[in-house]
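Single-structure report; data block below.
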Amino acid sequence: MTITHIPKGSMCTTCTNGSKACADLQFASMQPIQRYPDGVTAVKCTGHSAPAATPPLCISCGARNHPLPDGSLPCGH
Ligand SMILES: [Zn+2]
């Protein structure tokens, strides 16, 4: 099976559901965010669940901050 739609990567790293919850999701029916040069479309994952209490830890600088709506981090990583 060829993958044509994936959740925007940074969403997965902050998702509290983990990869198990992703297995049954229909990414092709979700809102597209970005199209990659290889033809894969990044979508806004409707199954994404961000941690409510503790913001995700940035692996680049160690800051804890909530991701912006586009999936990027306020600290710039
Ligand atoms: Zn950072």
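The values are calculated or read from the model by the stated rules, or taken from the named source; none is laboratory data. If you're wondering where the values come from, they're calculated on a predicted model, not measured in any experiment. Every residue, glycine as well, gets a Cβ built from its backbone with ideal geometry; the counts of neighbours run over all protein chains shown.
The single condition from (1) without any contact (Cβ under 8 Å) to a residue 12 or more places away in the chain; (2) touching a strand residue (DSSP E or B) at 6+ places or on another chain (Cβ under 8 Å) that G62 fails is (2). Pairs linking a residue in the range 66-77 that is farther than 16 Å from H48 by Cα to a residue that is within 12 Å of the ligand (Cβ to nearest atom) and of a type outside the set (A, V, I, L, M, F, W, C), with Cβ atoms under 7 Å and 6 or more positions apart or on different chains, are P74/N65; C75/N65; H77/S60. If only residues of the range 1-38 that are more than 12 Å from the chain's Cα centre (by Cα) and of a type in the set (S, T, Y) are counted, the one that is surrounded by the fewest Cβ atoms within 10 Å (Cβ to Cβ) is T2.
Annotation: P69 fulfils all but one of (1) within 16 Å of the ligand (Cβ to nearest atom); (2) not in a helix (DSSP H, G or I); (3) not hydrophobic (A, V, I, L, M, F, W, C); the unmet one is (1). Mind checking whether some residue in the range 50-63 is exposed (fewer than 12 other Cβ atoms within 10 Å of the Cβ), modelled with pLDDT of 85 or more and part of a helix (DSSP H, G or I)? Scanning the range 50-63 turns up no residue that is exposed (fewer than 12 other Cβ atoms within 10 Å of the Cβ), modelled with pLDDT of 85 or more and part of a helix (DSSP H, G or I).
If I go through the range 1-27 residue by residue, how many of them are modelled with pLDDT of 75 or more and of a type in the set (D, E, K, R)? Residues in the range 1-27 being modelled with pLDDT of 75 or more and of a type in the set (D, E, K, R): 2 in total.
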